[in-house]
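Notes follow the structure.
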Amino acid sequence: KRARGEWVAFMDADDWVEEDFYESYFKVVSSSVSCDIIFSGYIRELPLGDYRTLSLVPGYVEKKDLSKTIEYLNKTEALGWAWNKLFKRSIIEQQGIRFDPTVQLREDELFTLMYCRHVHSIQIISDSLYHYWCIEKEITLIIKGLLIYYTKNILAILITRNFESIINKVMLRAFFML
């Protein structure tokens with residue numbers, strides 16, 4: 001609600017970014033390429049100092065290839081987060097897209113999918129400059145059964161919001177693969 005710029009980025013409070021993180025996005029924004037969302041890779045910081053880098057195949061995708069690209073981004077674990085993307089504020093405002101306060105886990109995935117319903121083009125950059133801190137607590141919560149609760153709630157939201165078939169397919173696959 002408070003964003004004033006043309007683009008919006010999100011960040012988790014316990015994560016961090018490399019010094020040139022936003023610069024990598026703004027190179028795309030300032031280029032001649034016009035896109036509605038920019039995806040990047042990230043580094044998943046694991047306990048005990050381990051990490052896993054997700055690098056994406058860079059490219060520009062228009063409307064006709066969006067379904068395949070969204071499936072690719074889902075399979076590579078780049079779709080389900082809000083923090084590895086740059087969103088156009090005009091789309092968020094025009095479509096009234098907000099984070100659903102009733103969803104406690106992966107609410108950013110729901111936000112991203114609602115947003116992707118309205119994009120006409122996607123830019124993917126290969127940079128992995130965002131550090132996502134994977135807290136053991138998150139893993140424990142999922143193992144203890146919150147995933148079942150979450151899945152029921154998210155399916156109810158999907159049904160009531162009548163998402164397009166590709167979004168449904170991606171969401172359902174994502175929840176049952178966890």
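The values are calculated or read from the model by the stated rules, or taken from the named source; none is laboratory data. For clarity, every value in this text was computed on a predicted model and none was experimentally measured. Counting neighbours? That spans all protein chains shown, and the Cβs are built from the backbone with ideal geometry, glycine included. The protein model used for the area step is the full one, side chains on, heavy atoms only, and it has no ligands, DNA or RNA in it. Shrake-Rupley method; radii C 1.70, N 1.55, O 1.52, S 1.80 Å.
Below are the figures for this structure:
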read-out: 2, 117, 98, 44, ranked by accessible area, largest first (probe 1.4 Å); value: 2, 98, 117, 44
read-out: Region 31-108: translational diffusion in µm²/s, Stokes-Einstein, Kirkwood Rh over Cα pairs, 37 °C, 0.692 mPa s; value: 225
read-out: By accessible area with a 1.4 Å probe, ligands and nucleic acids excluded, highest first: order of 77, 23; value: 23, 77
read-out: Local electrostatic count, residue 56, Cβ distance below 12 Å [Lys/Arg +1, Asp/Glu -1]; value: 0
read-out: Dipole magnitude of region 1-69, debye to nearest 20 (Cβ charges: Lys/Arg +1, Asp/Glu -1, about Cα centre); value: 440
read-out: DSSP bridge pairs, region 1-137: antiparallel proportion in percent, nearest 5; value: 70
read-out: Distance violations [Cα-Cα > 21 Å] among 1/88; 27/64; 1/27; value: 27/64; 1/27
read-out: Selection from 105, 92, 74, by position along the positive dipole direction of region 1-137 (Cβ); value: 92
read-out: R0 of 30 Å, Cβ-Cβ distance residue 2-residue 60: FRET efficiency to nearest 0.05; value: 0.50
read-out: Rounded FRET efficiency, nearest 0.05, which uses the C-beta distance separating residue 13 from residue 98 and R0 of 22 Å; value: 0.70
read-out: Net length gained if the chain between residue 46 and residue 27 were fully extended (0.36 nm per residue, minus Cα distance); value: 3.9 nm
read-out: Modelled label reach - residue 77, point 7 Å along Cα→Cβ, region 29-62 residues with backbone N closer than 15 Å; value: 41-56
